[in-house]
1. Looking only at the range B:162-181, count every residue that is away from every other protein chain (no Cβ under 14 Å) and within 10 Å of ligand 1 (Cβ to nearest atom) and tell me the total.
2. Just checking, which of B:D336, B:D360 is of a type in the set (D, E), more than 20 Å from the chain's Cα centre (by Cα) and more than 10 Å from every other protein chain (Cβ to nearest Cβ)?
3. Regarding B:G126, is this residue on the phi > 0 side of the Ramachandran plot, facing chain A (nearest Cβ under 8 Å), assigned to a loop (DSSP other than H, G, I, E, B) and small (G, A, S)?
4. Considering only the range B:26-44, state which residues are within 14 Å of chain A (Cβ to nearest Cβ) and within 16 Å of ligand 2 (Cβ to nearest atom).
5. What are the residue pairs meeting all of these: first residue in the range B:211-236, first residue on the phi < 0 side of the Ramachandran plot and at pLDDT 95 or above, second residue of a type in the set (D, E) and part of a helix (DSSP H, G or I), Cβ atoms under 8 Å, and 6 or more apart or on different chains?
6. Quick check on B:D141: is it of a type in the set (D, E), away from ligand 2 (no atom under 16 Å from the Cβ) and either within 14 Å of another protein chain (Cβ to nearest Cβ) or out of contact with any helix residue (DSSP H, G or I) (no Cβ under 8 Å at 6 or more places or on another chain) (or both)?
7. Within the range B:225-240, can one find any residue that is assigned to a helix (DSSP H, G or I), away from ligand 2 (no atom under 16 Å from the Cβ) and within 14 Å of another protein chain (Cβ to nearest Cβ)?
8. Considering only residues that are crowded, with 24+ Cβ neighbours inside 10 Å and among the small types (G, A, S), look in the range B:273-287 and name the one that is nearest to A:L97 (Cα to Cα).
Amino acid sequence: MEEQAKDYSHINGWGIDADPKNDPTYPMKHRTNEEHKGYSWERPPQQPITMEVLHSIERPNVTAVYGTAMPPSGLSGMIRRFAFKHSENSYLHWLPLLVADRVNVVEGLIEDVAEGKVPNIFSEKGYSADWDHNRSGLAVRAAVGAAVVGAVVLMCAGEKNRKRWFNQLMDR
Amino acid sequence: MLAMNYRGPKRVRIDQKPIPEILHPEDAIVRVVRSCICGSDLHLYNGNVPDTRVGSTFGHEFVGIVEEIGSDVHKLKVGDKVIVPFNISCGRCAFCKQELYGNCHESNSQATAVGGIFGYSHTAGGYNGGQAEYVRVPYADVGPTIIPEGMDWDDAVLLTDVVPTGYQAAEMAGIQKGDTVVIFGAGPIGIMAARCSWLFGAGRVIIIDKEDYRLEFARNYSQCEAYNFMDMEDPVVFVKKTTDWMGADVCIDAVGAEAAGNVLQTITGRKLLLQAGSATALHWAINSVKKGGIVSIVGVYGPTDNLVPIGNVVNKGLTIRANQASVKRLLPRLIDHVQNGIIKPKQLITHRVPLEEVADAYRMFSEKLDNCIKPVLIPPTAHA
Ligand SMILES: NC(=O)c1ccc[n+]([C@@H]2O[C@H](COP(=O)([O-])OP(=O)(O)OC[C@H]3O[C@@H](n4cnc5c(N)ncnc54)[C@H](O)[C@@H]3O)[C@@H](O)[C@H]2O)c1
Ligand SMILES: [Zn+2]
Ligand SMILES: [Zn+2]
């Protein structure tokens, strides 16, 4: 291995207790210590970079291939660009990304509506699986949902409105 | 083509998307015949993995037929039936060369901490996945493996992740003959880890979960002991008691970030996202293993921090071993095991669902409806 090529004779005792069997990565890693040579392997050809690819600042480049699923765009894209100014070691990387993901959900809804699609939340959430296999759970969920919405509406409504809402709700 | 489309936490649908094209000379396009939903997909589905972009297609467990190849693909030809490992690996970087195919350095620009994975957010490279009719498969000469004569699609699709991950969980556990192995999680991965623990000579295999139907399944399929932690006052005390107060020789975390069982972990890890998922199972694993024991982690966590009793790792002198499974490294051995009838993967499949019903399949798997263990999606073009 590489180490032998270098001269460590100035370090008293260098390597006298080295034990190749002391390797907790066995048998996962077929150890050749390639990485001691640094980022020096012959890289695969580069996939032409035809879109914006954010890359971790813990590496010098875009990998030879990359995914093209969803290049950054809109407000969420701006937040993602900010996140990628910080390393994977930083909360300023991961927390903005989570925020961007939530912003992206709203962008997705806007996009759907702009394309004249009204997202069918019931079907996107797969509630028909509950309808088939968990009808009582679905009923409880619906009841809880209705109660929460009702309570919020009541809380938001003024005193007068609240009475009216309440009366309506109680069918009075 | 039809493809799953992520719209936000717990919201997915099927949409039309363009058929992927060759973008690199070493790419192939694969027409999907089977693709699964995995416990790993639930971390994405629940919105817990940073940089999961709306519009992405998930799916890292798929098999299919090679439809088109790039100019520099030599080992595959159009029409080949292939197992596509969930890891995207170049075969040439320092990590791939040492068989760490889950840790490739030329497949994920966005994060150095993980190699590229199909359909697994931009944090794993931003690739569209296999819950679709077609997928772009980079480095087609490296990962994809031709399905041997006589093996069917259902067995093959579980070789893309579940079998290698369960096997590697047991392998990393360094099981010695006679060891007591405790596995947290009786999902497909835990069930497979329990089965594989015997192959390494375990003396006793115990699986712990909260879903009785999964425990029942594990008891039969993995021929192991199975216990419900909801019936225990404290799972760690349970393990201590049942091992003559020594602790297990080995504990395996096959749960990861969606763990239940501890309110503080659930609230901080899954609701508020103050930690990278709930680390309940790992916490239990560390505390249940004996002094000098080994904890093997295949459960997936996010990229930030988790609350685990690291002091006990030090004081007990534990060894922790963990990784994404290196599917390509393990495939030759595991294909043998499947062909010799030692591992019977497709028995895990409880649901075969048309790709069009992907939203319901996610819901069913995530909520453990209809005794679901492993759902497989079948695209309409599978029959073409
Ligand atoms: N490292 C890898 O290469 C790799 C590959 C595939 C999957 N995974 C990970 O493995 C884990 C399991 O995958 P799966 O497909 O079996 O998922 P799953 O969601 O089907 O199974 C997880 C099981 O854990 C149980 N559980 C929850 N909290 C628990 C606790 N505190 N103790 C014990 N059991 C508990 C659940 O009831 C469920 O049955 C996931 O985190 C997944 O991301 C890792
Ligand atoms: Zn998986
Ligand atoms: Zn590589």
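1. 2
2. Working: B:D360 fails: more than 10 Å from every other protein chain (Cβ to nearest Cβ).
It is B:D336.
3. Working: on the phi > 0 side of the Ramachandran plot: yes; facing chain A (nearest Cβ under 8 Å): yes; assigned to a loop (DSSP other than H, G, I, E, B): yes; small (G, A, S): yes.
Spelling it out, B:G126 is indeed on the phi > 0 side of the Ramachandran plot, facing chain A (nearest Cβ under 8 Å), assigned to a loop (DSSP other than H, G, I, E, B) and small (G, A, S).
4. Within the range B:26-44, B:I37, B:D41, B:L42, B:H43, B:L44 qualify.
5. The qualifying pairs are B:A226/B:E216; B:N228/B:D212.
6. yes
7. Residues of the range B:225-240 that are assigned to a helix (DSSP H, G or I), as a first pass: B:229-231, B:235-240.
Next, from what is left, pick out any that are away from ligand 2 (no atom under 16 Å from the Cβ): B:229-231, B:235-240.
Remaining after also requiring within 14 Å of another protein chain (Cβ to nearest Cβ): none.
No.
8. Step by step, filter the range B:273-287, then rank; the result is B:G277.
The values are calculated or read from the model by the stated rules, or taken from the named source; none is laboratory data. Fair warning: this is a prediction, and the values are worked out from it, not measured in the lab. So basically every Cβ, Gly included, is an ideal-geometry build from the backbone, and we count neighbours across all protein chains shown.
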